[in-house]
Amino acid sequence: MGKKDTGLMPKEVALGKATALCGGSEHCSSQIMEKLSSWNVSVQDANDIMDYLIKEKYIDNSRFARAYCHDKFAKDRTLKDKDKYLCKAKLVRHLLSKGFETELVIDAADSYLDL
């Protein structure tokens, strides 16, 4: 008799897809966890995959926050204020509304705006 189809994506397949996804662009851990869930990966396999991706630096939430901050600042024309502190306030509010950690957001905004 063959293996019973559980409907779960195999760990090796999910790891391959996740490394390809993370290798192509920056992603935060919550985005990858959502993808793993949508791919129907078991919780244990998802945790193992996340551990691997973080250990191998495919995912780095601090790096992601800096990149996101940079992209948001460079592409968002609503940040026209000449005052860096007003720009920082707008940027921080926006990133916090997206669910990023306060400490990471403030550090990334300070780093990007040279504050």
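The values are calculated or read from the model by the stated rules, or taken from the named source; none is laboratory data. Just so it is clear, the model here is predicted, and its values are computed rather than measured. Here the Cβ is made from the backbone with ideal geometry for all residues, glycine too, and neighbour counts use every protein chain on show. Heads up: the accessible areas ignore ligands, DNA and RNA and are worked out on the full protein's heavy atoms, side chains in. Shrake-Rupley method; radii C 1.70, N 1.55, O 1.52, S 1.80 Å.
Per residue, the chain exposes 66 Å² of accessible surface when a 1.4 Å probe is rolled over the protein heavy atoms with every protein chain present.
Which entries in the list Lys11/Lys35; Lys57/Lys90; Lys35/Lys98; Lys11/Lys55; Lys75/Lys98; Lys17/Lys55 go over 19 Å, if you measure between the two C-alpha atoms of each? In this structure, Lys57/Lys90 exceed 19 Å between Cα atoms. Using the average count of surrounding beta-carbon atoms within 10 Å as a protection proxy, the listed peptides 94-101, 28-35 rank, highest first, as 28-35, 94-101. Taking amide H positions as modeled 1.01 Å from N, with prolines and chain starts lacking one, the residues under 5 Å from Met9 and 5 or more places away or on another chain are Val41, Ser42.
Carbon-plus-sulfur accessible fraction, the chain (probe radius 1.4 Å, protein heavy atoms only): 52%. A straight Cα-to-Cα reach below 19 Å connects Lys88 with the aspartates and glutamates Asp71, Asp76, Glu101, Glu103, Asp107, Asp110, Asp114, residues fewer than 8 places away in its own chain not being considered. Charge tally around Leu15: other residues with Cβ under 9 Å, Lys/Arg +1 each, Asp/Glu -1 each, net -1. Relative to the dominant Cα principal axis of the chain, helix 61-75 is inclined by about 50°.
Evaluated over the Cα positions of the chain, the convex hull gives a direction-averaged projected area, one quarter of its surface, of 8.4 nm². If R0 equals 22 Å, the separation of the Cβ atoms of Glu101 and Asp71 corresponds to a calculated FRET efficiency of about 0.80.
Computed from phi, the 3J(HN,Hα) profile of segment 36-43 under the Karplus parametrisation 6.51, -1.76, 1.60 (θ = phi - 60°) reads 4, 5, 5, 7, 6, 9, 4, 4 Hz, with x in place of Gly and Pro.
So what is the 222 nm mean residue ellipticity for the chain from helices alone, if each DSSP H run of at least 4 adds -39500 (n - 2.57) and you divide by all residues, rounding to the nearest 500 deg cm²/dmol? Present the calculation step by step, with values, prior to reporting the outcome.
On the way: 6 runs with 78 residues, N = 115.
After summing the helix terms and dividing by residue count, I get -21500 deg cm²/dmol.
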